[in-house]
Every structure is written in structure tokens, then in C-alpha cells.
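Asker: One structure, pasted below without further comment.
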Amino acid sequence: MDSWIGYAWLREHFSLPITQKLPVLSRIGRDRKTMFQEGVRYETFRSSAKPDDTPIAHLAFALKHEGIHLELLAHAFAKMSKQALTDWIASEPTGQYARKAGFLYEWLTDDTLQVPAITGTYRNLLDPRHVVVSDTPIKNPRWRINDNLPGTPYFCPIIRRTELLELIKNYDCAGRLQGMEEDYGADMMTRSAVWLTIRESRASFAIEREGDQKSRIHRFALAMGRYCGRFDTPLTSEALTELQDNILGVSTIRHGLRQSPVFVGSGTREMGTYVHYVAPPTEDVEPMLKGLQTFMERTQNENSIIRAAVASFGFVFIHPMADGNGRISRFLINDTLRRDSAVPEPLLLPVSSTITKSSASRFDYDKALEAYSRPMMAKTISDIQFGNRTTYADGVVSDFEFSGNGGLRPAWRYPDLTEQSEYLFHVVHETIEYEMRHQIQSHRAYVNARDHVKDFLEGPDEHLDRIMRSIEHNDGQVSHKLKNEFPMLDSPTISQPIQEIVQEYVANRAQRLSYDPAAEIEALRNDESIS
């Protein structure tokens, strides 16, 4: 490991307990080269570029060549000599990397460095070519830095501009939905808005393993239709509590922001509890939500899918509510897309339906969550225990105890949500081009079949739906039970053509095409409309 330099050297030198990967790893070698592997950029520098074996030298190298890793820097500044940092800045008062280090130290630690007056040209803190930044940088005259961080010290997600996220920066959700309307007609799209919303609600409950909850499913659907894109600031305590009440109703025991520790876990009485994720402590919840809201306010010119990913995954990782976090997090996807005019009213994307369409799709969703949570839990497993039962301010009684808040706080505050943003793109793209098209095609075919049934039998749609479902589930035949319920079906002149209509509908029903992420990325590379 002696040849590693930059952030990797700092990590090893200080034994920093960082949980998120280093997107750039630099080392000394014979030839200068760059290679990519599993989302990491490996840089090899010649020996002439090797920094001195001091924390300051490796910090300067990292800021110059590897960007800014907020989680690592928060840990490093807690162990680094403050005097050494001050001496470096005093020796290079116009140097941009010394100034960046000084700014970041004060921003991350809320401590002030005693340094001489700083001069030099204003420099962007983050490189907008490489990461998502604030739309409008704030000039910091003390360090002569353009502060373009998209969040606050309490919550500032980082999203790297990978090849895929660069490919989709001009991805036009609204344009694709308009194309769908041209294919299927405005009337069909308007009618589809209702049942797609119900489908999204049902699937969102299925993700929480609460599938058979008809009244709650309809309540969630109504809440989505009522609230998507309507709150001025959707991440305030008041807005979230109102949303929670309308989604969960009287069934939730605890309303509003939680005031007790929480973890996501599974297990049985025999096997015990397995902790998948520990959420931030209660005192951090409100300032973290304000940081997430700040990100949404500062990045309004950014790609809507990236913003939706940050809103959704950022929220679920903060886990601010005692109940309903998962459903609200997926609500925030559609809320952001509606707010950004990426999905026009009254449409909602049934993203939860895409997530739950198969065990493989559900695995991909869990994988996106665990990309962040699993490394955290691996570092802090010894900090988890179940001991004395405590009653908290919100009335929750829990025996869960966690002593690792200090070690995890930088990871909670500065999550790298690149992988989650890429994941959500695939979900949104598949939802529009595969799930919605398939559902609308299927619905149109069904409506056409039902209209054909009306040539032989008059009645309200709900009765005709009951008849068609029964015939479909009875291998295309009218059952005795159905004849007893609808005696007119005893006549072959009525039942026979209806059976044939249903049989033809079932035989010709469109099959959902499979989604291949690699093929879709290649298609994006060749799509001139988004280049």
C-alpha cells in the first residue's frame, strides 16, 4: 500500500473509518496511465509526481487530482494537525488548493483558522464538469472561493458526472410522454392517469410487504394525485406530516418527525434481529432535511431524474418519519418530476410497479439501497446492541442502542448518490418506454374487447368486467356460477360470442418486453436527440 497517494494515503495513514468508496485511486508507477474498473478511476503517476510523506502534501495532491471527498475530509480534518494546515495556507495565501482546504476545514468543522488575509483569483470549489453543483455559486470573500456546494454542512450529497449521467442530461421525460400521447391518443393518456396512479400506489405498498390494503392503497393514490408538485417546500416538518397523515391516515401510531432512534432490520424470534441500516440520530433529522431542501433549491437547472433520485434516496436514508418513509420516498420521485415539469399533470409514473415487476427488479432496488447502507453497517456492527428498554419523547419504547453516531455522521451527511441516480434513470426510462406502453396497450386492447362485448350484452362496465374476468380465469368458458349470477349468459347466442371475444383478447394480449440496461445505454449513445 506504500505506493498509494492522495486520499488513499490519508485513509491509510489516519486509519479513517470511511464507508463510501474513493471514486479516484492514485498511485506511483513506472508509466503515467488511467484506467477504469467497476466505477473507480485508477490513476498511475510517475515518481516525479509523488508527494512528500506528510498529510498536507497528500491533501494538496488529492484536491488537485482527485476532487473533493467530503466524508473522508470530515474524518481527516478531525485527525490532522490544525497548525500544519494553518502553516500551509500562510505559506501559499494565493494557492487555490490551500484556499480550498481552508474553506473546507471551516465548512466541515465549524471551526475558524487563524490565517493572514487571503488573496488570489476566485476559484470554483467543485468542478462542474465532474460533479453536480449549485446553479448559483456563492462568493466567499474570506477564502476567495466560489462556493458551489449544492447542500449544507448538515446534508450535501455528491453526484459524480459518470458517462451515463452525462448521456441523460438532456433526457426529455415530457417529450417521451408526448410521443406516447401521439401514439395512443390524448383520451387514452388521460384515462390512464387514474389507473396508473392506483397501480403505483398498490406497488408501493407491495414494496413494503403490505399488498392487501385496499383502503390504504386508494388513500395513497388520492394523496399522490392531490399533493404531487403542490407543496412549496415538500421537505418541511409540516408538509411531511400532512403528507404522512393523508397516506397512512389513522393507522399510523406516530405522526410527524421521529424523536426516537430507528433502524431497518429483519429477523425472527429464533434467529434474532439483523440490522440492515441505522438512521441518523433524532437531533440530526431536521437540519439534514433542511440540507436536502437546500439541494433541491440550488439545483433547479439540473437533470430532473438526478434531482428525483436525491430527493427520494436522500429522504429514505435520513429516515425522518416513524412510519411511511418508504412510501414518501417514492412519492418524492413523482413529486420532483411533476415539480420540474418532466411529467405533466395528471400523469404519474408507476415507478413502484417497475420496481416490483419481478424478483430481479426488486433485487435491483434493494441493491441500490444497500450500495450505501451495507458498507456503513460493516464498519459499525460492533456499535449495535439491544439492551435496556427506553421510552422516548414520541412515546416509542425501544431497546435499540447505537454508539456509532460520531463515526457515521460524515457518511450520513455527505452521501455519494451517483449509483442511486443511475439506478433511478433506468427505472424511469423502463417505466416510460416499457411499463407504461405495455400497460396502455393492454388497457386499450381490453377496452376494445369490452366494447365488442357490448355488441352482445348491455350493462355497466363493472358487470362486464366481472364477466370477462370470470371467463378469462375459467379457461375461456362461462361457468355455472357466472350463469347463475347473470342468467342471460345461459343463452348460447350471447355467451358464445362473448367467450370468443375474451379468448381472442387473451390470446393476442401484448407481452411485456424485457429491459436490457446495457442495450439501452448503447441506444442512448447513438441517440442524437439527447446529445
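Asker: Does the range 477-497 include one or more residues that are in contact with a helix residue (DSSP H, G or I) (Cβ under 7 Å, 6 or more places away or on another chain) and under 30 Å from TYR434 (Cα atoms)?
Answerer: Checked against the condition, which is being in contact with a helix residue (DSSP H, G or I) (Cβ under 7 Å, 6 or more places away or on another chain) and under 30 Å from TYR434 (Cα atoms), the range 477-497 yields no hits at all.
Asker: Got at least one residue in the range 166-173 being in a loop (DSSP other than H, G, I, E, B), of a type in the set (A, V, I, L, M) and touching a helix residue (DSSP H, G or I) at 6+ places or on another chain (Cβ under 8 Å)?
Answerer: Taking every residue of the range 166-173 in turn, at least one turns out to be in a loop (DSSP other than H, G, I, E, B), of a type in the set (A, V, I, L, M) and touching a helix residue (DSSP H, G or I) at 6+ places or on another chain (Cβ under 8 Å).
Asker: I'd like the residue in the range 493-512 that is of a type in the set (A, V, I, L, M) and more than 17 Å from ILE467 (Cβ to Cβ) and, out of all such residues, is nearest to the chain's Cα centre (by Cα).
Answerer: Among those residues, the one meeting the criterion is ALA510.
Asker: In addition: For the range 295-335, how many residues meet the condition of being under 22 Å from LEU257 (Cβ atoms) and β-branched (Val, Ile, Thr)?
Answerer: 5
Asker: Are any of the residues in the range 432-447 part of a helix (DSSP H, G or I), out of contact with any helix residue (DSSP H, G or I) (no Cβ under 8 Å at 6 or more places or on another chain), without any contact (Cβ under 8 Å) to a residue 24 or more places away in the chain and outside the structural domain of TYR184 (by TED's automatic domain parsing)?
Answerer: yes
Asker: Determine if the range 181-203 includes at least one residue that is of a type in the set (Ser, Thr, Tyr), in the same structural domain as PRO280 (by TED's automatic domain parsing) and within 30 Å of THR241 (Cβ to Cβ).
Answerer: For the range 181-203, residues of a type in the set (Ser, Thr, Tyr), in the same structural domain as PRO280 (by TED's automatic domain parsing) and within 30 Å of THR241 (Cβ to Cβ): present.
Asker: On to the next question. Against the definition (free of Cβ contacts under 8 Å to residues at least 12 places away in the same chain and of a type in the set (Lys, Arg)), how does LYS33 come out, yes or no?
Answerer: So LYS33 passes the test.
Asker: Turning to a different aspect of this structure: Does TYR414 fit the bill of being in contact with a Cys (Cβ under 6 Å, 6 or more places away or on another chain) and at negative phi?
Answerer: yes
Asker: Looking at (1) in contact (Cβ under 8 Å) with a residue 60 or more places away in the chain; (2) closer than 28 Å to LEU164 by Cβ, which is the one condition that is false for ALA371?
Answerer: Result: ALA371 passes all but (1).
Asker: While we're looking at this one, here's another question. Can you tell me which residue is surrounded by the most Cβ atoms within 10 Å (Cβ to Cβ) among those in the range 287-307 that are polar (S, T, N, Q) and outside any loop (DSSP other than H, G, I, E, B)?
Answerer: This residue is SER304.
Asker: Still on this structure, I have one more. Could you grab me the full set of residues in the range 433-461 that are of a type in the set (Val, Ile, Thr) and either at positive phi or at pLDDT 95 or above (or both)?
Answerer: Scanning the range 433-461 gives a single hit, VAL453.
The values are calculated or read from the model by the stated rules, or taken from the named source; none is laboratory data. Just so it is clear, the model here is predicted, and its values are computed rather than measured. Cβ atoms come from the backbone with ideal geometry, glycine included; neighbour counts cover every protein chain shown.
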